[in-house]
1. Return the total of residues in region 254-307 being in contact (Cβ under 8 Å) with a residue 40 or more places away in the chain and within 14 Å of ASP239 (Cα to Cα).
2. Can you tell me which residue in region 179-216 is surrounded by the most Cβ atoms within 10 Å (Cβ to Cβ), limited to those that are among the acidic types (Asp, Glu) and assigned to a helix (DSSP H, G or I)?
3. Scanning for something outside any strand (DSSP E or B), modelled with pLDDT of 95 or more and surrounded by 15 or more Cβ atoms within 10 Å (Cβ to Cβ), does region 128-140 turn up at least one residue?
4. Is it the case that GLY42 is of a type in the set (Gly, Ala, Ser) and more than 24 Å from SER155 (Cα to Cα)?
5. Would you please name the residue that is farthest from the chain's Cα centre (by Cα), looking only at residues in region 41-73 that are β-branched (Val, Ile, Thr) and either in a helix (DSSP H, G or I) or crowded, with 22+ Cβ neighbours inside 10 Å (or both)?
6. Could you tell me which of the residues ARG276, ARG299 is within 26 Å of the chain's Cα centre (by Cα), part of a strand (DSSP E or B) and surrounded by fewer than 16 Cβ atoms within 10 Å (Cβ to Cβ)?
7. Checking the conditions here, which among ASP200, ASP239, ASP232, ASP219 is on the phi < 0 side of the Ramachandran plot, more than 16 Å from the chain's Cα centre (by Cα) and free of Cβ contacts under 8 Å to residues at least 12 places away in the same chain?
Amino acid sequence: MSIKHKLRRDVNGVLLLNKPKGITSNDALQIVKRIYNAKKAGHTGSLDKPATGMLPLCLGEATKFTSYLLNADKHYIANCKLGVITTTADSTGEVIQTSDVPDLNEKILRSILSEFTGNIQQVPPMFSALKRNGKRLYELAYEGKVVERDPREVSIYSIELLSLNDDEFSISVHCSKGTYIRTLAEDIGNRIGCGGHILDLERTAVSYYSSKNMISMDDLYDCAETGEQELDKLLLPVDSIINDIPEITLTHSSTHYITNGQAVMVPHAPTEGLIRIYNENHDFMGVGEILDDGRVAPRRLVNLSTI
């Protein structure tokens with residue numbers, strides 16, 4: 001199936017791509033955008049080039065809600081090597097220090113891992129997409145420059161030790177947005193006294209999106225051969241992004257007012273916070289917010305004519 005020279009189309013939804021190793025998140029986004037011939041597409045937080053796993057890609061109207069996934073919790077499985085520190089804190093970097101690894105057992109390592117749960121301070125790595133004076137840190141790093149980075153607070157909800165084999169161990173991590181697993185592995189290695197780095201990193205979940213719904217790039221290409229209808233079946237609905245917030249259903253007249261940007265009273269609505277809005281046909285309309293006086297005000301609406 002040729003995916004070239006076709007007019008871009010309105011296609012809406014979320015694709016849970018299983019990003020392969022060796023391509024950037026933006027590379028993956030552009031490939032999927034071309035396959036779907038989508039007018040609009042965006043990703044919801046980068047995975048490093050060597051990393052694999054869940055990369056939620058938002059198409060069409062779903063791009064209006066990417067911030068909800070950018071701010072969501074993440075789950076990872078990381079394979080780590082002790083005794084070797086690299087420039088990038090992963091296996092793609094140059095080795096800058098090696099050390100003997102102290103005697104370890106699972107009990108000792110679990111005790112050390114417990115020190116990294118909760119709210120912790122992390123210094124972002126130089127090889128990261130954060131900006132300093134308008135320039136990405138990784139761009140400065142490739143120029144051989146190192147700049148001061150302020151520590152940031154992140155939350156590690158849990159770290160589970162999956163295996164320990166001599167100087168290598170595997171962990172499962174549930175963490176907040178902004179957590180660098182490479183930095184976590186390096187910090188754990190430093191706490192042990194020998195340094196360390198990531199060998200492999202896989203993101204297994206974002207928010208409540210689980211790995212069982214991920215689509216590989218190969219499967220996506222295969223599906224593209226069967227046509228757009230089959231491709232579209234792979235997409236999760238736009239409102240799945242915010243499936244964890246309460247919903248309300250409007251009457252016909254309330255739908256009219258909300259569509260025109262006006263706040264409305266809705267019986268039995270929650271008393272505060274964000275809310276999913278549906279019309280009388282239960283079509284997803286977007287996100288609203290409960291005002292102090294109890295009315296529902298629109299905050300981010302979809303264009304129903306394109307869905």
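The values are calculated or read from the model by the stated rules, or taken from the named source; none is laboratory data. Bear in mind the structure is a predicted one, so any value in this text is a computation, not a measurement. Every residue, glycine among them, receives a Cβ derived from its backbone with ideal geometry; neighbour counts consider all protein chains shown.
1. Matching residues across region 254-307 total 9.
2. Restricting attention to region 179-216, the residues satisfying the condition of being among the acidic types (Asp, Glu) are 186-187, 200, 202.
Going one step further and asking which of them are assigned to a helix (DSSP H, G or I), we end up with 186-187.
Numbers: GLU186: 24, ASP187: 20.
This residue is GLU186.
3. The initial filter retains those residues of region 128-140 that are outside any strand (DSSP E or B), namely 128-130, 133-134, 137-140.
Right, trim to modelled with pLDDT of 95 or more and you get none.
Within region 128-140, none of the residues are outside any strand (DSSP E or B), modelled with pLDDT of 95 or more and surrounded by 15 or more Cβ atoms within 10 Å (Cβ to Cβ).
4. Criteria met by GLY42.
5. Residue satisfying both the conditions and the ranking: THR63.
6. ARG299
7. From the options ASP200, ASP239, ASP232, ASP219, the qualifying one is ASP219.
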